[in-house]
């Protein structure tokens with residue numbers, strides 16, 4: 001196993017001897033032992049605002065952090081065991097939504113000074129995003145990417161990972177959950193997308209239109225090709241527009 005230069009320095013400084021490398025997604029290198037994980041981000045929000053969100057999180061959903069390095073956003077933390085993802089846990093969808101709700105609300109207690117605003121993160125190129133930003137009435141600390149694969153079983157509790165650390169409209173938190181699990185998207189009907197929008201909006205006590213809008217904007221940002229999972233999500237969300245009298249925000253699919 002070859003360590004990247006930052007990880008090589010930190011394992012020596014922290015006395016950590018990893019035995020395996022785990023999939024780190026698009027932003028991080030992740031090295032592990034049976035009970036600890038070293039996460040070394042190399043791009044994106046996980047180096048900055050995501051780091052501050054995770055080290056500031058407290059309570060039942062927070063991983064224990066043994067060492068941290070604000071200069072690189074790296075953290076040595078407890079490993080989720082067995083690490084089962086929320087959608088693979090065997091609990092029914094309504095229970096999954098309740099777990100997600102509690103995790104989402106756990107971020108509300110974070111201090112927001114070092115988190116990234118949604119305006120900074122989104123870039124406001126999409127007219128729908130501009131509208132949602134301009135009409136946001138209150139802002140709260142957010143995980144920012146709270147889907148099923150970022151909520152893991154750890155013993156008899158749940159552990160959250162990979163926060164982006166944003167501040168913005170509370171309805172934003174539902175977008176990643178609405179558009180996951182990925183494997184379900186191609187088979188999901190427009191009515192099922194709409195049900196998920198209303199379910200998550202009710203869970204967070206927010207306007208369903210805003211959940212739909214942020215979910216749609218999230219999918220458009222990815223510019224999925226026809227046949228990709230996100231394309232099916234985009235198609236389903238487009239078909240929900242009439243429920244909100246919001247056809248003006250829909251773009252034709254490629």
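The values are calculated or read from the model by the stated rules, or taken from the named source; none is laboratory data. These numbers were taken from a predicted model, which means no experiment stands behind them. Quick reminder, even Gly has a Cβ in these numbers, built from the backbone with ideal geometry, and neighbours come from all protein chains shown.
With respect to the conditions (1) under 15 Å from the mean Cα position of the chain (by Cα); (2) under 23 Å from residue 43 (Cα atoms); (3) loosely packed, with under 15 Cβ neighbours inside 10 Å, residue 108 lacks only one, and its number is (2).
Quickly run through the range 187-205 and pick out the residues that are over 14 Å from residue 237 (Cβ atoms) and part of a helix (DSSP H, G or I). Those that are over 14 Å from residue 237 (Cβ atoms) and part of a helix (DSSP H, G or I): 187, 199, 202, 203, 204. Surrounded by fewer than 18 Cβ atoms within 10 Å (Cβ to Cβ) and either closer than 26 Å to residue 98 by Cα or assigned by TED's automatic domain parsing to the domain that holds residue 171 (or both): which single residue out of 217, 254, 186, 203 fits that description? Result: 186 is the single residue among 217, 254, 186, 203 that is surrounded by fewer than 18 Cβ atoms within 10 Å (Cβ to Cβ) and either closer than 26 Å to residue 98 by Cα or assigned by TED's automatic domain parsing to the domain that holds residue 171 (or both).
Counting only residues that are under 22 Å from residue 53 (Cα atoms) and modelled with pLDDT of 95 or more, how many does the range 119-137 have? Number of matching residues: 2.
Counting only residues that are part of a loop (DSSP other than H, G, I, E, B) and either touching a residue at least 12 places away in the same chain (Cβ under 8 Å) or crowded, with 23+ Cβ neighbours inside 10 Å (or both), the range 138-174 holds 14 of them. Would you check which residues across the range 220-231 are part of a helix (DSSP H, G or I), surrounded by fewer than 20 Cβ atoms within 10 Å (Cβ to Cβ) and either in contact (Cβ under 8 Å) with a residue 24 or more places away in the chain or touching a strand residue (DSSP E or B) at 6+ places or on another chain (Cβ under 7 Å) (or both) and list them? Passing the criteria: 221, 229, 230. The sole residue among 7, 80 that is part of a loop (DSSP other than H, G, I, E, B) and surrounded by 20 or more Cβ atoms within 10 Å (Cβ to Cβ) is 80. Against the test of being in the same structural domain as residue 200 (by TED's automatic domain parsing) and touching a helix residue (DSSP H, G or I) at 6+ places or on another chain (Cβ under 6 Å), the options 131, 147, 154, 102 yield a single qualifying residue, 147. For the range 10-26, the set of residues classified as part of a loop (DSSP other than H, G, I, E, B) and in contact (Cβ under 8 Å) with a residue 60 or more places away in the chain consists of 16, 25, listed by residue number. Filtering the range 53-75 to residues that are surrounded by 21 or more Cβ atoms within 10 Å (Cβ to Cβ) and either outside any loop (DSSP other than H, G, I, E, B) or assigned by TED's automatic domain parsing to the domain that holds residue 141 (or both) leaves 53, 54, 74, 75.
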